[in-house]
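Right, one structure below, let's go through it.
No lab work stands behind these numbers, since they all come straight from the coordinates. Keep in mind that what you see is a predicted model, and the values were worked out from it rather than measured. Note: ideal-geometry Cβ built from the backbone for every residue, glycine included; neighbour counts use all protein chains shown.
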Amino acid sequence: MARYVLILFAVAAVGCQKLREGVVREIAFPEHEPALAITAKITEGDSVVWAVVYRSAGVLDSAGSVPAEDAVVAVRWGGVEQWAWSGSNGTLEAAPGAGWTWQTGEEVVLEAEAPGLPVATAQATVPPPAEGTAALVLGADTVTSVWTEDVLIEDRYAVDVVNHAGVHDRYLIAVEQRTGLGMWTALWAEPDLASAERLDFNLYAGGFLVDDLGLDQTPLSNFTFTLTRWTDDPVSPDDFRVRVASLSDALYQHYVSLADYSASADNPFAEPASVFGNIAGGYGIFGLQREQVLPW
């Protein structure tokens with residue numbers, strides 16, 4: 001037995017000596033071929049639409065990703081080019097005018113190019129329209145703060161969205177409040193237990209994601225949320241709104257993958273996650289959404 005112990009000690013000593021001397025191992029990074037990196041999330045009917053277009057860079061490139069020079073991005077559906085972006089500042093803007101519409105199931109194609117880079121393309125299918133109803137009850141209940149023992153007011157929201165027959169519905173539900181500047185900002189509204197089991201809050205989407213799992217019988221109704229406020233904080237129904245958006249498949253997967261990536265980045269024991277994209281010949285995401293603000 002002693003002989004084996006001595007051998008183990010000897011092996012350990014040799015290993016420790018190597019560690020003290022240091023071990024150099026060269027890892028060859030593959031050469032990065034620059035390509036277009038594109039972010040284009042388009043909402044039906046918007047009067048102004050944007051595409052963010054950059055030249056990708058490898059991990060050894062100290063300059064990092066930079067705006068693609070002389071980039072041109074075109075979008076077409078129904079066999080017709082609808083509009084195009086062009087420029088070199090990274091954020092390209094087009095103004096198609098408000099009120100334009102898609103047809104459910106229509107294929108929308110994006111094509112992008114820039115000098116010296118491969119042509120990049122993406123395709124997305126128009127989701128069904130965002131349809132639903134919402135109800136707001138101001139002062140539905142009161143609660144006592146666990147921190148200050150003050151009495152707080154609870155406002156309650158109930159939201160239903162339509163599960164379209166024969167279609168894979170994926171929704172974003174966002175509860176929003178009007179700011180002093182007249183802008184709308186997303187709020188964290190607390191879902192009740194039954195709703196929380198069917199919702200996933202997604203920071204990157206700015207609300208709760210809902211998936212009917214491709215099943216017509218999946219209930220997408222009676223999502224209930226509460227917001228808490230101080231008793232001396234007067235509000236009216238006009239201060240709040242519920243916005244629902246129907247998301248294309250790729251855009252939904254992109255938001256989910258962003259959340260997964262963020263969660264794994266801070267956990268050394270988590271399985272590495274990657275961000276979903278659908279740009280062929282490049283990187284990034286091309287997504288479509290159709291949205292509606294639900295009346296009370």
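A few remarks follow.
- Within a Gaussian network of the chain (alpha carbon springs, distance under 10 Å), most fluctuating of Gly207, Gly64, Gly87: Gly64
- Each Lys and Arg Cβ is given +1 and each Asp and Glu Cβ -1; about its Cα centre, the chain then shows a dipole of about 1000 debye.
- Cα-based helix-to-principal-axis angle, 249-265 vs the chain, degrees rounded to 10: 50
- Residue-averaged 222 nm ellipticity for the chain, from DSSP H runs of 4+ at -39500 (n - 2.57), nearest 500: -4500 deg cm²/dmol
- A Gaussian network model of the chain, with springs between Cα atoms under 10 Å, assigns the largest mean-square fluctuation among Thr133, Thr228, Thr39 to Thr228.
- A value for P(r) over Cα pairs in 5 Å bins from 0, in percent was derived from the coordinates, and within the list (i) 1, 5, 9, 11, 13, 13, 11, 9, 7, 5, 4, 3, 3, 3, 2, 1, 0, 0; (ii) 1, 5, 11, 16, 19, 18, 15, 9, 4, 1, 0; (iii) 1, 5, 9, 10, 10, 9, 9, 8, 7, 6, 5, 3, 2, 2, 2, 2, 2, 2, 2, 1, 1, 1, 1, 0, 0, 0, 0 it appears as (i).
- Per-residue packing, averaged as other Cβ atoms within 10 Å, sorts the ranges 229-237, 189-197 into the order 189-197, 229-237, beginning with the highest.
- Sorted ascending by nearby beta carbons within 10 Å, beginning with the fewest, Phe269, Phe276 become Phe269, Phe276.
- Stretching the chain fully between Val235 and Val59 yields a gain of 58.3 nm (0.36 nm per residue, less the alpha carbon separation).
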